[in-house]
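Participant: Next up is a structure, given as structure tokens.
The values are calculated or read from the model by the stated rules, or taken from the named source; none is laboratory data. As the structure is a prediction and not an experimental result, all values here were calculated from the model. Cβ atoms come from the backbone with ideal geometry, glycine included; neighbour counts cover every protein chain shown. Surface areas here come from the heavy atoms of the whole protein model, side chains and all, with no ligands, DNA or RNA. Shrake-Rupley method; radii C 1.70, N 1.55, O 1.52, S 1.80 Å.
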Amino acid sequence: MNIHAKPNIKTGISVCPHDCPSACALEVELLDENTIGRVRGAKENSYTLGVICEKVARYSERIHHPERLLYPLKRVGPKGSGSFARITWDEAMDEIARRFLAIEQEHGSEAVWPYWYAGTMGFVMRDGIDRLTHVKNYSRMYGTFCIALSWPGFAAGTGAIRGVDPREMQKSDLIVVWGGNPVNTQVNVMTHVGIARKTRGAKLAVIDVYETGTMKQADHGYIVRPGTDGALACAVMHILFRDAHADRDYMHRYTDDPAGLEAHLATKTPEWAAAITGLSVEKIEELARLIGTTKRTFFRIGYGFSRSRNGSANMHAVTCIPAVTGAWQYEGGGALHSNSGMYKWNKAMITGRDAAKPGIRTLDQSRIGEVLCGNPHDLQGGPPVKALFIQNTNPVSVAPDQNRVKQGFAREDLFTVVHEQFLTETARYADIVLPATMFLEHDDIYQGGGHSHIMFGRKLVNPPGECRSNHDVLCDLAGRLGAEHEGFRMSPRELIDRTLKDSKRRGFDELDAENWFDVQPDFETSHFLNGFAHPDGKFHFRADWKRAASVVSTMGALGPWQDMPVLPDHWAVTEPANAETPFRMTTSPARTFLNSSFNETPGSRKREGGPSLLIHPDDLSALGASAGDRLRVGNARGEVILEARANAGQQRGVVVAEGIWKNDDHETGCGINSLTGADQPAPAGGGAFHDTAVWVKRA
């Protein structure tokens, strides 16, 4: 007998469900009908190419975690205490239905607010909550955590949320990663960059606010002050015009006002931008020269730099650069922020859009603290929110202005239901907690925001305990509430098939057989060579911010959008550093967390170490502190305690807190979002998570 022989382990194909543009195709070891082993990237998928991030590679830590919720729970202690007693599913669902119906009768249907986000990106399990919202006329939610700032900025120029096939990075001679850190957040980008470097000698340039893992691998790195990307972009374009690297023929054919742009940029000199960004004139000239002399320049534009009060304006300014150089014309050239707009879904059966009635209010996700605390502006003349039904998100940890959020959740007259995988900070405030499945325990359909695949995520193992999927819970609750819709009578696979066919795609059986469909448009469409997506077919240097806001906002234009610069510029509306709060802080993503997901897994916790603050050694010295010391970091919103980590790879006056740790991992129980603000930036709102002024003191 060969004692070294490996058992015959089956492999299943699925899709990573987490809030990441890569939506990786996965090969999952199936040890038995209840247990997974290792997780790998699917080699046959032309974007994943067998590579996935380390946190998903060890997903067995998460799906088989000993602290997973397994049974319905009812609160028996104070809100936030985490004191619960086990109950049956029928007891839980009867109580939820009874309370929702009573609240609806007393306060009106808008007093109930279903609240969700991107804990899963699967359409059936993520978006089905909207079906209940629409059928019952509950208050709607406008999701503003992620894309509300970046998408209007990109669409202001191109007219659409789509771009070049990301696999074309393999054909590029220069890849510019602007405001993103794919080593931490989209590892597949680095796979395709690596192919270009190996096969073509391509160069990688990275622009960010600190020396990220991606910048450490780059040929050229540019460290700017937070919120100053627009100034850098303008100076780069100034130099492109000055040094005859602007493609005037391309601009004449494809853009709206090249002469107006050139005149506007006349004063946006490298010296002007250096004073704003903190970069040297020489570094600004170097970046412009790289871009101007490399036709096949691929701009892989991230989300991070847009999470600022001027983020949309900065995004638009950066997106203008390849329109000035004409990089869109070339294979391996142009830009990609997200391909989400190219799929053109009809998800009406999932979302119940056909049942939506006019006149029902929409509430801003990022303003949940103000909504729950009864801010009249946010309630819009309607009733107070008396009930929350939460799936796929953890607002007591991830929403801005955390202390205000906690204040709202602590209301004794608020009935809160949380459907979750772990007893998160939000679940601890719930009256009823329901145990949720993970992605390998249910079927769903996904799209790649950072690539071009429609993908089927299969149920591969049985859920533990009494965990139920989002879809099953919504259908059960709908029946008890008297909510009628065809979607509540369909299985996930039936919903997937209907959605595919309603969207003029091939059906479920073919998707199941093939695992994924590659639907990247042809070269001319991807590069906008048949015209950009505005009615005039032009790329717009002159932004129409109200129209751009409509790409994402279901609440109309928000914030001071009429004050936004029409042509690319530095818009000085970020939270200012001053004598009281002299530091500018970003809350950048950690490598092995994803928002608050994975901060419970042993491997990720060990890798990240603990809540900490990256700070320049000279700033640390000026505080009379050393690496490893405890630092108090605060502003008018709150205060946290973090461990000092000296880092020379950032400018003085800038501090970086990587990752969202559990609130209880912080000494005072206050997480990093105790410091971030929830005001609504122009033109469409959004979470300005990387735009926070703070003071820093020795603890």
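Participant: Just to be sure, is residue 640 within 18 Å of residue 407 (Cβ to Cβ) and not aromatic (Phe, Trp, Tyr)?
Facilitator: Values: within 18 Å of residue 407 (Cβ to Cβ): yes; not aromatic (Phe, Trp, Tyr): yes.
Yes.
Participant: Return a yes/no flag: does segment 258-267 have any residue that is in a helix (DSSP H, G or I), open to solvent by 40 Å² or more (accessible area, probe 1.4 Å) and among the acidic types (Asp, Glu).
Facilitator: As a first pass, look at segment 258-267 and keep what is in a helix (DSSP H, G or I): 258-267.
Subset that is open to solvent by 40 Å² or more (accessible area, probe 1.4 Å): 259, 262-264, 266-267.
Pick out the ones that are also among the acidic types (Asp, Glu) and you get 262.
Checking segment 258-267: at least one residue is in a helix (DSSP H, G or I), open to solvent by 40 Å² or more (accessible area, probe 1.4 Å) and among the acidic types (Asp, Glu).
Participant: What residue, among those in segment 90-137 that are of a type in the set (Asp, Glu) and either modelled with pLDDT under 95 or more than 31 Å from the chain's Cα centre (by Cα) (or both), is most open to solvent (accessible area, probe 1.4 Å)? Outline the logic, then answer.
Facilitator: First, pick out the residues of segment 90-137 that are of a type in the set (Asp, Glu): 90-91, 94-95, 104, 106, 110, 127, 130.
From the residues that got through so far, the ones that are either modelled with pLDDT under 95 or more than 31 Å from the chain's Cα centre (by Cα) (or both) too are 90-91, 94-95, 104, 106.
Values: 90: 93, 91: 102, 94: 83, 95: 33, 104: 51, 106: 140 Å².
By that ranking, first place goes to 106.
Participant: Here's another thing I want to ask about it. What are the residue pairs meeting all of these: first residue in segment 431-450, first residue closer than 18 Å to residue 503 by Cβ, second residue among the small types (Gly, Ala, Ser) and in a helix (DSSP H, G or I), Cβ atoms under 6 Å, and 6 or more apart or on different chains?
Facilitator: From segment 431-450, the pairs are 449/340.
Participant: Return the residues of segment 379-402 that are of a type outside the set (A, V, I, L, M), more than 21 Å from residue 593 (Cα to Cα) and open to solvent by 10 Å² or more (accessible area, probe 1.4 Å); say none if nothing qualifies. Give the steps one after another, and end with the answer.
Facilitator: Of the residues in segment 379-402, the ones of a type outside the set (A, V, I, L, M) are 380-384, 386, 389, 391-395, 397, 400-402.
Among the residues that remain, those that are also more than 21 Å from residue 593 (Cα to Cα) are: 380-384, 386, 389.
Hits for segment 379-402 are 380, 381, 382, 383, 384, 386.
Participant: Filter segment 586-637 for residues that are free of Cβ contacts under 8 Å to residues at least 60 places away in the same chain, out of contact with any Lys or Arg (no Cβ under 7 Å at 6 or more places or on another chain) and in a loop (DSSP other than H, G, I, E, B) and give the result. Show your work before the answer.
Facilitator: Taking segment 586-637 first, the residues free of Cβ contacts under 8 Å to residues at least 60 places away in the same chain are 605-606, 608-610, 612, 616-618, 620-622, 626-628, 636.
Then keep just the ones that are out of contact with any Lys or Arg (no Cβ under 7 Å at 6 or more places or on another chain); that gives 605-606, 608-610, 617, 620-622, 626, 628, 636.
Selection gives 609, 610, 626, 628, 636.
Participant: How many of the residues in segment 640-658 are open to solvent by 30 Å² or more (accessible area, probe 1.4 Å), in contact with a helix residue (DSSP H, G or I) (Cβ under 7 Å, 6 or more places away or on another chain) and over 18 Å from residue 579 (Cβ atoms)?
Facilitator: 2
Each row is one residue, and each column tells you yes or no for (1) at positive phi; (2) among the acidic types (Asp, Glu); (3) not in a loop (DSSP other than H, G, I, E, B).
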| residue | (1), (2), (3) |
| --- | --- |
| 350 | no, no, yes |
| 411 | no, no, no |
| 418 | no, no, yes |
| 425 | no, yes, no |
| 428 | no, no, yes |
| 434 | no, no, yes |
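Participant: Restrict the check to segment 669-676 and report whether at least one residue is of a type in the set (Ser, Thr, Tyr), surrounded by fewer than 24 Cβ atoms within 10 Å (Cβ to Cβ) and not in a loop (DSSP other than H, G, I, E, B). Before the answer, list the steps.
Facilitator: Filtering segment 669-676 for residues of a type in the set (Ser, Thr, Tyr) gives 674, 676.
From what is left, the residues that are surrounded by fewer than 24 Cβ atoms within 10 Å (Cβ to Cβ) are none.
Within segment 669-676, none of the residues are of a type in the set (Ser, Thr, Tyr), surrounded by fewer than 24 Cβ atoms within 10 Å (Cβ to Cβ) and not in a loop (DSSP other than H, G, I, E, B).
Participant: How about segment 560-585: which of its residues are surrounded by 21 or more Cβ atoms within 10 Å (Cβ to Cβ) and assigned to a loop (DSSP other than H, G, I, E, B)?
Facilitator: Once the filter is applied, which keeps residues that are surrounded by 21 or more Cβ atoms within 10 Å (Cβ to Cβ) and assigned to a loop (DSSP other than H, G, I, E, B), segment 560-585 yields 564, 568, 570, 571, 574, 575.
Participant: Can you tell me how many residues within segment 620-639 are crowded, with 18+ Cβ neighbours inside 10 Å and polar (S, T, N, Q)?
Facilitator: Residues in segment 620-639 being crowded, with 18+ Cβ neighbours inside 10 Å and polar (S, T, N, Q): 1 in total.
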